[in-house]
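Below is one structure, written out as C-alpha cells, with a few remarks after it.
The values are calculated or read from the model by the stated rules, or taken from the named source; none is laboratory data. Everything numeric in this text was worked out from a predicted model, so none of it was measured. Cβ atoms come from the backbone with ideal geometry, glycine included; neighbour counts cover every protein chain shown.
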Amino acid sequence: MPELAEVEYYRKLWDVGVGTRVLRVALHADKRPLRGLDPKAVITALTGSTLLGSEAQAKQMLFCFGRRGKPTAWLGIHLGMTGHLRVEPSSFTPEKHDHLVFWQAGRALVFTDPRQFGRIRFDEGGSPPLWWTTLPPAVTSPEFTVDRLRAFVARRKKSTIKGALLMQEFFPGVGNWMADEILWRARLNPQRHSGNLTPAESKTLWHESRAVCRIALETVGVDFKDPPAGWFFHVRWSPKGSCPRCRQPIKTATVAGRTTRWCPKCQPENR
DNA sequence: CGAGATGTTCGGCT
DNA sequence: AAGCCGAACATCTC
C-alpha cells in the first residue's frame, strides 16, 4: 500500500506518542523486517527513552528517541508492500505480524507487516544517520528542477518512462499508482522510452510529478481520504476502468515489471 | 486453488 | 561497465 502520501499518513499516527516515554519494547528479532539488527541494542537504547519526534521522506520514516530532551537513537521504518503503523490500547498483545511494539502509558505503538518486505533501521547517536540525510531531494522541493529531470531521463534512455518514474534515486516516494497517475496527467504512454521525450514532454512530466506528489500529500497524506474526484487513481484498480477524461476503456500491461494502466486515447504510443 | 498485490534487491545478461 | 530485466522475498486476498 504505502507510497509517499500513505507513509506520511502512517508517520503521523504515532504523533500521539511524541513527548512520552517508552516503557517497554517488543520485537520479532528473527523476522525479515529487523534484517539482523541486534535486538538487545534496540531494546536497551529505546526502553526508558522518550519519543521526541518523527519525519517522513520518500517511502521512509525516521523516529527520533532521546533522554532529557536530547536525541540519542534513530529508528527508521520502511513499510515495504504491506506494512503499516497503528496505535492500540496498552493492554495490546502482539500477534504474528506485529514486528515492533512500543508501550507507553495508556497506549501501544505498533508496526505491522504481514508480507515482511518492510525494513527497520536503527542507529545510535546525537544526529540523524547518514542513510537519512543523504536521501535524494523530494519531488516537491525546489531542488527538484526541470533541468535535473531532463538530464535524468536522458541518462535513462533505454528505460520506459514508467520504469524511470519508479526509480527512487530520482523520484523518491513515487510508487506504482502515483507513477500511473503522473503519466495519465502528462498524457504520456508508460511504455515510451525516457530518451525519446521532447523538452516540452519532459517539462510536463516534471510539472505533473510535482502536482501529483503535492496533492496526494494534501489528501491521502492528511487523513487517508482519496485523492480528488477525476483522478485516474479512482479507475486504475480494475482492468475494466474507463478514462476519467474521455471515457475510453483503459489498457493494462506489465511495464517495468509492474501492472500498469493507462488510457490508450489520451496516452497514445507514438513510438 | 492459482494469480497477483501500492516494494526493494540481487544476479545475470547486454 | 552501466544499466535493464526478471526472479526472489513471505503472506494474504480475490
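Considering every residue within the stretch A:227-236, establish whether at least one is farther than 20 Å from A:GLU6 by Cα and either free of Cβ contacts under 8 Å to residues at least 24 places away in the same chain or surrounded by fewer than 13 Cβ atoms within 10 Å (Cβ to Cβ) (or both).
no
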Would you confirm, using the coordinates I've provided, whether A:ALA108 is crowded, with 16+ Cβ neighbours inside 10 Å, under 24 Å from A:PRO227 (Cα atoms), away from DNA strand B (no atom under 16 Å from the Cβ) and small (Gly, Ala, Ser)?
no
Specify which of the listed residues (A:GLY36, A:GLY76) is more than 12 Å from the chain's Cα centre (by Cα), within 16 Å of DNA strand B (Cβ to nearest atom) and at pLDDT 95 or above.
A:GLY76
Residue list for the stretch A:35-74, restricted to those being in a strand (DSSP E or B) and among the hydrophobic types (A, V, I, L, M, F, W, C)
A:LEU51, A:LEU52, A:ALA56, A:MET61, A:LEU62, A:PHE63, A:CYS64, A:PHE65, A:ALA73, A:TRP74
Number of the condition not met by A:THR140 [criteria: (1) free of Cβ contacts under 8 Å to residues at least 60 places away in the same chain; (2) closer than 30 Å to A:SER194 by Cα; (3) in contact with a Lys or Arg (Cβ under 9 Å, 6 or more places away or on another chain); (4) not aliphatic (A, V, I, L, M)]:
(1)
When the residues of the stretch A:216-261 are narrowed to those that are touching a helix residue (DSSP H, G or I) at 6+ places or on another chain (Cβ under 9 Å) and over 24 Å from A:LYS59 (Cα atoms), which ends up modelled with the lowest pLDDT?
A:GLY241
Inside the stretch A:58-67, can you point out the residues that are out of contact with any Pro (no Cβ under 7 Å at 6 or more places or on another chain) and surrounded by 15 or more Cβ atoms within 10 Å (Cβ to Cβ)?
A:GLN60, A:MET61, A:PHE63, A:PHE65, A:GLY66
Can you confirm whether A:LEU165 is touching a strand residue (DSSP E or B) at 6+ places or on another chain (Cβ under 9 Å), within 28 Å of A:ARG32 (Cα to Cα), surrounded by 15 or more Cβ atoms within 10 Å (Cβ to Cβ) and not polar (S, T, N, Q)?
no
